[in-house]
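First comes the structure, then the notes that go with it.
The values are calculated or read from the model by the stated rules, or taken from the named source; none is laboratory data. Fair warning: this is a prediction, and the values are worked out from it, not measured in the lab. Here Cβ is always computed from backbone atoms with ideal geometry, including for glycine, and neighbour counts include all displayed protein chains. Areas reflect the complete protein model, heavy atoms only, side chains present, ligands, DNA and RNA absent. Shrake-Rupley method; radii C 1.70, N 1.55, O 1.52, S 1.80 Å.
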Amino acid sequence: MLRSNHYDVAFEAYLRERRTAYVAVDESRRALLADVSLKSMDFIVYSPGSTNLLVDVKGRRRTGGRRWENWATVEDIECLAKWQEVFGGDFRSLLVFAYESELNSAGAGSRSFVNFREKRYDFYGVWVDDYRQVMKQRSPRWQTVWVPKEAFRDCRFPLETVLSGSATAL
């Protein structure tokens with residue numbers, strides 16, 4: 001997690017508000033695994049009634065027609081998939097999209113939000129395995145990928161669904 005990144009800090013505030021156990025990962029150094037440098041996840045989150053989560057937070061602003069922007073880098077996806085393999089069956093990699101909006105805006109009925117520093121942040125998760133299956137190349141130059149609107153609607157879920165412990169098999 002980067003303390004200078006307001007999306008990461010807002011996500012941490014959300015976890016604290018929910019009293020969810022987590023570890024914020026120091027991203028200042030990359031991990032070496034079998035002589036390969038891996039980008040770290042942002043958080044390890046302990047989820048009741050579900051597998052534990054390896055979380056990479058992706059901050060996006062809600063503006064105009066870009067309500068569900070969901071791009072990531074190829075490296076983000078590959079490294080989260082590798083970490084999931086390394087940690088084993090008790091862990092699952094999750095992209096958490098943190099959507100920033102004005103404090104007084106409505107969040108489509110989601111309970112997965114926090115009001116933090118005069119902004120509202122809504123949190124939606126997408127399993128990395130699901131994201132990989134439907135992702136499309138966004139920019140070859142920047143090595144970014146994205147998920148089309150309809151597919152993203154089908155694979156995203158309010159983060160509360162997993163953290164509440166009520167959904168064990170999402």
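Details
- Summed over the stretch 42-87, the residues that are of a type in the set (Val, Ile, Thr) and open to solvent by less than 30 Å² (accessible area, probe 1.4 Å) give a count of 5.
- Which listed residue, of Arg156, Arg117, is of a type in the set (Lys, Arg) and within 16 Å of the chain's Cα centre (by Cα): Arg156
- Taking the listed residues Glu12, Glu17, Glu27, the one that is at pLDDT 95 or above and not in a strand (DSSP E or B) is Glu12, with no other qualifying.
- Consider the stretch 4-23 and keep the residues that are among the small types (Gly, Ala, Ser) and touching a Phe, Trp or Tyr at 6+ places or on another chain (Cβ under 6 Å). The one that is surrounded by the most Cβ atoms within 10 Å (Cβ to Cβ) is Ala10.
- Pair list, Cβ < 8 Å and 6+ apart or interchain, from the stretch 134-163 residues that are over 21 Å from Tyr121 (Cα atoms) to residues that are open to solvent by 20 Å² or more (accessible area, probe 1.4 Å) and part of a loop (DSSP other than H, G, I, E, B): Val134/Pro148; Lys136/Pro148; Arg138/Trp71; Thr144/Trp71; Val145/Trp71; Val145/Met135
- Selection of helices (runs of 4 or more DSSP H) fully inside the stretch 48-158 by the criterion of at least 1 residues being modelled with pLDDT of 95 or more and of a type in the set (Gly, Ala, Ser) returns 74-87, 149-155.
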